[in-house]
1. Highest mean first, how do 370-378, 35-43, 391-399 rank when packing is the count of other Cβ atoms within 10 Å averaged over residues?
2. Please give the residues of the range 180-194, grouped as numeric ranges, whose backbone N is less than 11 Å from a label point set 7 Å along the Cα-to-Cβ vector of I58.
3. Using label points projected 7 Å from each Cα along Cα→Cβ, tell me how many nm separate S257 and T412, to one decimal.
4. Between the helical axis of 305-317 and the dominant principal axis of the chain, each derived from Cα atoms, what acute angle in degrees is found, rounded to the nearest 10?
5. Please report, for the Cα atoms of the range 285-415, the Rg to one decimal and the Dmax as a whole number; what are they, in angstrom?
6. Could you size up the charge dipole of the range 316-413 around its Cα centre, putting +1 on the beta carbon of Lys and Arg and -1 on that of Asp and Glu, and report it in debye to the nearest 20?
7. With only alpha-carbon atoms counted, please give the Rg and Dmax of the range 56-112, in Å.
8. Tell me, what is the FRET efficiency for E66 and A479 to the nearest 0.05, using R0 = 60 angstrom and their Cβ-Cβ distance as r?
Amino acid sequence: MTQAELRLCSLLLQEHFGEIVEKVGNSLLRTGPRPLRLLAGDTGLLPDQVKKALCVLIQHNLVRYEVQPRGSVEYEARSERILRILRYPRYIYTAKTLYGDPGELLVEELLLHGHLSMSCAVARVADRLTETMEDGKTMDYSEVSSTFVRLADTHFIQRCPMVPEIPRGAKAPPPPAPALAIAEKDMYVVPRLSLAGKGKRRHSCDEEEEGEHKAKRQKQEGGTSETPPDDGIYWQVNLERFHQHFRDQALVSAVASRMDQTSSEVVRTMLRMSEVTTASGASHTQPLSSNEIFRSLPAGYNIGKQVLDQYLALLADDPLEFVGKSGDSGGGTYTVNLHKALVSLATATLESIVEERFGSRCARIFRLLLRKKHLEQKQVEDFAMIPAKEAKDMLYRMLSENLVSLQEIPKTPDHAPSRTFYLYTVNVMAAARMLLHRCYKSVANLMERRQHEMRENKRLLEKSQRVEAILASMQATGAEAAQLHEVEEMITGPERQQLETLKRNVNKIDASENQVDETIFVLESFIESTMKRP
């Protein structure tokens, strides 16, 4: 694990879970799997604090545990899962675009709590949606429940592994830690619940406190409310499925920019037909016949079967090979070559970065090396039509940044420079890894900058929050406009201007984080796909 990844993981844990959880997580990331005793000694925290921190991390799937042969339990941090916290806003926004407000809030609640039961998630979301509605209107549980079922059917959420049931007659002692498991066929099966009810509003602080005291009193007396029918069946967000959706979106937009909108719609239809049947790590989709594709095209696209066949032939003949022909049955069978698509997307990202950093002439040399694989310096000058001095300078600059590499091919065993060929080449995998490392570093810098901005304006932010709270309480009690105006004037003009500047800067930093994360996603997907290939 690189220093940049470690730093970014620490910042993410601190921002979302606080200092104690960050200490425990950081210790596990630095040292690898270790038992509770060593973890408490390394962090300098109380064993009780370490236990609570581990509970939080396990709840959010950021730490896994394993029982060792001698009986001790070791905990291991999942760095790749911690880095996914950066993508949470994108998951939530995608759920909103696909399934509306209920889908957005369901995914948000599941990400916020790590995992929840269906009945609990539906009740929470219904209450939150009711809060935003006009007086007299409420959100029905059945509407949120149907969105939950749709999310499970499309595999965007999945069931968490459970503790297997132990037979009653078994006399063996229980293991130090339970081994969680779930059958693949049960991962997306939604329990049949008749969730009847409507979302509730929170009326006032007094009623809320009264409700809390009532719940506490019930707990102390040992009387609990009835157990929900899906008790023990917990759900979590399936991040791999979201990544599959992001990859498909990137692929469709790449086809649209290279060809036209209709071509991209054909590819989108093919991906939609095979999204549930294709595994997340597969190199290509399941073969689909042109007749199946024609029947599945959206209703708005009035293109004939003959035109569709022409589009499919055009896509199959394209040099990028996003779509490949796999047979002639059913009017011809076609697949989407996911690995080649990811290679093209990663290569386009590398070209774009080279062009932004070193200019269009450097990008020309870079593209030339990608196409020709190996070239001598003289060949680069001739093919790129760039003067020798400039070509040499550009090649050395890219070589110093590890974007291109130099390969020596000696004519004789003594490796004498006069009798050696020096060939420039681009190692796409190495360049992608290097740029991924830089992206992690950039995101960590952006997060630290945002924290610095917030610290610098901490007093002003607290004052603004106090004024907003006073205004909200006065509006609730029906205060006059003059009184409200008087409270608003507690924040002076220069302070208001400073708050606007802070808001603008923080928004810019957030947008930059999301943009860098898009690059991270393309590079990570390419590296993962290449590593999985035989």
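1. On the way: 370-378: 13.4, 35-43: 15.8, 391-399: 17.4.
With the highest mean Cβ count within 10 Å placed first, the list reads 391-399, 35-43, 370-378.
2. 180
3. Taking the simple label geometry, S257 and T412 are separated by 5.1 nm.
4. In the chain, helix 305-317 runs at an angle near 70 degrees to the longest axis.
5. Rg and Dmax of the range 285-415, Cα atoms, are 21.5, 70 Å.
6. Working: 14 positive and 14 negative charges, 57 e Å.
Here the range 316-413 has a charge dipole of around 280 debye.
7. Using the Cα atoms of the range 56-112, the pair Rg, Dmax is 15.5, 50 Å.
8. The calculated FRET efficiency here is 0.50.
The values are calculated or read from the model by the stated rules, or taken from the named source; none is laboratory data. Since this is a predicted model, take the numbers as computed values, not measurements. Cβ: placed from backbone, ideal geometry, glycine included. Neighbour counts: every protein chain shown. Each accessible area value is taken on the protein alone, full model and side chains, heavy atoms only, with ligands, DNA and RNA left out. Shrake-Rupley method; radii C 1.70, N 1.55, O 1.52, S 1.80 Å.
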